[in-house]
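Since the structure comes first, as structure tokens, the remarks are kept for the end.
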Amino acid sequence: MLFNSYEYLIFLPVVFLLYWYVFSKNLKVRNFFLLAASYLFYGWWDWRFLFLIIASSAVDYWCGLKMATVISNEEGVKSIRPKGEISSVKEISPSASSNRNDPKSKSPRTQRVVSLTRKKLYLAISLAFNLGLLGFFKYFNFFIESSVDFINLLGFQANIHTLNIILPVGISFYTFQTLSYTIDVYRGKLEPTQDWMAFFAYVSFFPQLVAGPIERASNLLPQFFQKKSFEYTLAMDGLRQILWGLFMKVVIADNCAVFVNQAFTNPESQPASNLLIGAVFFSFQIYGDFAGYSNIAIGTGKLFGFHLMQNFAFPYFSRDIAEFWRRWHISLSTWFRDYLYIPLGGSMGSKTQSLRNILIIFLVSGFWHGANWTFIIWGGINALLFIPLFWFGKNRVNIGIVAQNRSLPTFYDLGQVLLTFSVTTLAWIFFRSPDLNTAGTYITHLFSSSILSMPKMDIRVYLFIGWVLIFIILEWMGRREEFAIQKMAFRKPAIIRYGLYYGLVMAVFLFARKEQEFIYFQF
């Protein structure tokens, strides 16, 4: 079910009304209703996908419980139960788990080793199952095709067939979400829950199920144990965020897509000016599409009293590539930081080791996006842009918001922003291209003398540039907030504030095209 569909336009208010007026009083009934609604939302694409998310939820829930049986009394374990709830997880006391008078009993040190081994086993089961599913559905054909190409390169003839595999929607997102739970339980940062319904609802929570944000159990899971009451202010903030997300998706992203598709179709036959517009528009398409989804998801969560993490923080106002990656797809970049980069050693080792870790993170991030060499090259380009900043200790220079206390940026800030946007746009060409040959052709023809010629595009492209400029202005004005129009016009007369809202609503309906899936559904 798409956020920008008529089905969702019916689904959301019905679920909202039932949630607050029928099922809100009893915690377990409320969670069961959210679980059922989420499965309906997810199964709308293909009911067969439900078996995968149910299996993933069940395996990680079971692994968490099994790890609970070997967790000793460790300090610093963060409970996911609300205050006052009686624990149903039996903690094992070292003194109670061993009998020192029994010569056959194992020493405390031996018991700790055994417990750690068992915890590692259950973590390994979780990792193997989830990454195995992800690897099969998303990467099986990629590895088969790459192997065939390599064998042919050696001069042999390979006759290996690929499978017709349908990629389950959102599998990359909910896989990482469930893994964060089992990894945190293994590390002792979370106490496992015995409420299966709350856990299953956490994994499948429909607003962010398909394309994030990738939530951590430490943030989202406790919210399923909290008694909630309707907050008008929070709900209105959620509606504003949904409206802005729809504007980003329907008006900006979907209309940019028309010109982007023209530019990336046979780039060798188009003037460089067309390719330049196509590349720039794709930067806005993918941002409007993905950040638009995140805003709708976060805003929808607010309607139900849930707080989801911010996933985008105005990344195109970044002054270097390091700042860009702190502001783009925040839930994924922080996931890789906490569960891959730091375990690899992070920045604690030598600079050479740190550079190795950075390169791994960017390449894995590229591969996470899709089974194509274009994504890996895209990740590698971003690594090459980031590494010099890290090497010279400049990767954390731009931490705050650009022009924090000014209405306009300085010329230096503006130059940095434009340079960062330019190199990011060039990297996006690989991300958008279906293969490396297309990307190479696109870039080769982009840097030609025809870049100074008039674009050979429909006259509508010039009109749409106006909408992109309006979008940039609104983003700039609201860059200090969670999303652009969160507090915009609050100090203005009501006619201006509601004029802004109605203007955005009209733009959504007037410029809406045929329902288009979100780009990140394919990841």
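Things to note:
- Test: residue in region 329-337 that is out of contact with any strand residue (DSSP E or B) (no Cβ under 8 Å at 6 or more places or on another chain), part of a loop (DSSP other than H, G, I, E, B) and exposed (fewer than 15 other Cβ atoms within 10 Å of the Cβ): no
- In a residue-by-residue description of region 293-303, the property of being of a type in the set (Ser, Thr, Tyr), farther than 17 Å from residue 3 by Cβ and in contact with a Leu (Cβ under 8 Å, 6 or more places away or on another chain) applies to no position.
- Test: residue 266 is free of Cβ contacts under 8 Å to residues at least 12 places away in the same chain and either in contact with a helix residue (DSSP H, G or I) (Cβ under 9 Å, 6 or more places away or on another chain) or not assigned by TED's automatic domain parsing to the domain that holds residue 179 (or both): yes
- Of all residues making up region 184-197, the number that are of a type outside the set (D, E, K, R) and assigned to a helix (DSSP H, G or I): 4
- All positions within region 143-172 that are surrounded by 14 or more Cβ atoms within 10 Å (Cβ to Cβ), part of a helix (DSSP H, G or I) and either modelled with pLDDT of 90 or more or of a type in the set (A, V, I, L, M) (or both): 144, 148, 151, 171
Okay, residues lined up against (1) of a type in the set (S, T, N, Q); (2) free of Cβ contacts under 8 Å to residues at least 12 places away in the same chain; (3) in contact with a Gly (Cβ under 8 Å, 6 or more places away or on another chain):
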{"position": "29", "(1), (2), (3)": "no, yes, no"}
{"position": "36", "(1), (2), (3)": "no, yes, no"}
{"position": "41", "(1), (2), (3)": "no, no, no"}
{"position": "44", "(1), (2), (3)": "no, no, no"}
{"position": "49", "(1), (2), (3)": "no, no, yes"}
{"position": "52", "(1), (2), (3)": "no, no, no"}
{"position": "57", "(1), (2), (3)": "yes, no, no"}
{"position": "66", "(1), (2), (3)": "no, no, no"}
{"position": "69", "(1), (2), (3)": "yes, no, no"}
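- Which listed residue, of 383, 371, is modelled with pLDDT of 90 or more and either within 20 Å of the chain's Cα centre (by Cα) or crowded, with 19+ Cβ neighbours inside 10 Å (or both): 383
- Selection within region 360-406 - aliphatic (A, V, I, L, M), free of Cβ contacts under 8 Å to residues at least 60 places away in the same chain and not in a loop (DSSP other than H, G, I, E, B): 360, 361, 363, 364, 376, 381, 383, 384, 387
- Condition check for residue 259 on (1) crowded, with 24+ Cβ neighbours inside 10 Å; (2) closer than 20 Å to residue 516 by Cα; (3) touching a Lys or Arg at 6+ places or on another chain (Cβ under 9 Å): one failure, at (1).
- Restricting attention to region 202-241, the residues that are under 22 Å from residue 24 (Cβ atoms) and buried (at least 22 other Cβ atoms within 10 Å of the Cβ) add up to 13.
- Selection within region 24-47 - surrounded by fewer than 18 Cβ atoms within 10 Å (Cβ to Cβ), of a type outside the set (Phe, Trp, Tyr) and either part of a helix (DSSP H, G or I) or over 23 Å from the mean Cα position of the chain (by Cα) (or both): 25, 26, 28, 29, 36, 40, 43
- Checked across region 304-314, the condition of being modelled with pLDDT of 95 or more, touching a Gly at 6+ places or on another chain (Cβ under 9 Å), aliphatic (A, V, I, L, M) and surrounded by 22 or more Cβ atoms within 10 Å (Cβ to Cβ) holds for at least one residue.
Each row is one residue, and each column tells you yes or no for (1) assigned to a helix (DSSP H, G or I); (2) closer than 30 Å to residue 285 by Cβ; (3) modelled with pLDDT under 90; (4) of a type in the set (S, T, N, Q).
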| site | (1), (2), (3), (4) |
| --- | --- |
| 182 | yes, no, no, yes |
| 199 | yes, no, no, no |
| 202 | yes, no, no, no |
| 234 | yes, no, no, no |
| 239 | yes, yes, no, no |
| 243 | yes, yes, no, no |
| 246 | yes, yes, no, no |
| 250 | yes, yes, no, no |
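Every residue, every condition in (1) under 14 Å from the mean Cα position of the chain (by Cα); (2) assigned to a helix (DSSP H, G or I); (3) at pLDDT 95 or above, yes or no:
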{"residue": "298", "(1), (2), (3)": "yes, yes, yes"}
{"residue": "301", "(1), (2), (3)": "no, yes, yes"}
{"residue": "344", "(1), (2), (3)": "no, no, no"}
{"residue": "347", "(1), (2), (3)": "no, no, no"}
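The values are calculated or read from the model by the stated rules, or taken from the named source; none is laboratory data. These numbers come from a predicted model, not from an experiment. Quick reminder, even Gly has a Cβ in these numbers, built from the backbone with ideal geometry, and neighbours come from all protein chains shown.
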